Amino acid sequence: MTERTTAGVGLAKSVFQLHGIDAKGFAVLRRRVRRSRMLECFQRLAACLIGMEACAGAHLG
């Protein structure tokens, strides 16, 4: 199994998009996660670099 080295998070109001890649740049994780499950999801991931992105709508609410 390929180990994830980088994860990206698309921030939103209630459902986040996760995307992880391995050292060669191949996608190894694609998942939608509800806000209530976000911490639980990250606790299961191995340590890796995480980048976050948010559009203007993610900040409203």
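The values are calculated or read from the model by the stated rules, or taken from the named source; none is laboratory data. Since this is a predicted model, take the numbers as computed values, not measurements. Because the Cβ atoms are built from the backbone with ideal geometry, glycine has one as well, and the counts that use them run over all protein chains shown. The area values use the complete protein model at the heavy-atom level, side chains included, leaving out ligands, DNA and RNA. Shrake-Rupley method; radii C 1.70, N 1.55, O 1.52, S 1.80 Å.
Details
- Unmet requirement for Val33, which otherwise passes all of (1) over 22 Å from Glu3 (Cα atoms); (2) open to solvent by less than 100 Å² (accessible area, probe 1.4 Å): (1)
Quick grid of which residues meet (1) at positive phi; (2) assigned to a strand (DSSP E or B); (3) touching a Ser or Thr at 6+ places or on another chain (Cβ under 6 Å); (4) modelled with pLDDT of 90 or more:
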position	(1), (2), (3), (4)
Thr2	no, no, no, no
Gly8	no, yes, no, yes
Gly20	no, yes, no, yes
Lys24	no, no, no, yes
Arg31	no, yes, no, yes
Phe42	no, no, no, no
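- Answer residue from segment 4-30, given it is charged (D, E, K, R) and closer than 18 Å to Glu53 by Cα and is least open to solvent (accessible area, probe 1.4 Å) among those: Lys13
- Look at segment 1-21: where a residue is over 19 Å from Gln43 (Cβ atoms) and in contact (Cβ under 8 Å) with a residue 24 or more places away in the chain and a partner is open to solvent by 50 Å² or more (accessible area, probe 1.4 Å) and assigned to a strand (DSSP E or B), sitting 6+ places away or on another chain with Cβ atoms under 7 Å, you get Thr2/Val28; Gly10/Gln17; Gly10/Glu53.
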